[in-house]
Amino acid sequence: SVLPGRNISYQFHQERQEIWTVISGTGEIILNDQLSRIKAGDVFQIPQGSKHAVKAETSLQFIEVQLGSKVSEEDVTRITYSWEEAVRFCK
């Protein structure tokens, strides 16, 4: 879950990929420097090494499936915690 107005850091993983299935809410996602809207029913494939972040407009809930050789918090490289800074990377 991500609370309204909050975001997760812009980050990537060396050892895993992720699949996000949005089950409720709305917001924005940045995936490899591309900003898009996000809503219930959307599914995102996040390949290994892909930069990603999400910001909630409304209470946002999604299921995250992690696949890879190392599924741990140690495999997180954060680019920025700030949504405003993450948006600056967008094309």
Any idea how many residues of region 51-91 are open to solvent by less than 70 Å² (accessible area, probe 1.4 Å) and in contact with a Phe, Trp or Tyr (Cβ under 6 Å, 6 or more places away or on another chain)? 8
Those residues that are surrounded by fewer than 14 Cβ atoms within 10 Å (Cβ to Cβ) and more than 21 Å from HIS13 (Cβ to Cβ), I need them from region 40-50; list them, please. GLY41
Restricted to region 1-39 and to residues being acidic (Asp, Glu) and closer than 21 Å to ASP75 by Cα, the residue least open to solvent (accessible area, probe 1.4 Å) is GLU18
Looking at region 1-52, which of its residues are without any contact (Cβ under 8 Å) to a residue 60 or more places away in the chain and of a type in the set (Asp, Glu)? GLU18, GLU28, ASP33, ASP42
Could you tell me whether VAL71 is of a type outside the set (Gly, Ala, Ser) and assigned to a loop (DSSP other than H, G, I, E, B)? yes
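The values are calculated or read from the model by the stated rules, or taken from the named source; none is laboratory data. Everything quoted here is computed from the prediction, not taken from an experiment. A quick note on method: Cβ atoms are made from the backbone with ideal geometry, for glycine too, and the neighbour counts reach across all protein chains shown. Please note that ligands, DNA and RNA were not included when accessible areas were found on the heavy atoms of the full protein model with its side chains. Shrake-Rupley method; radii C 1.70, N 1.55, O 1.52, S 1.80 Å.
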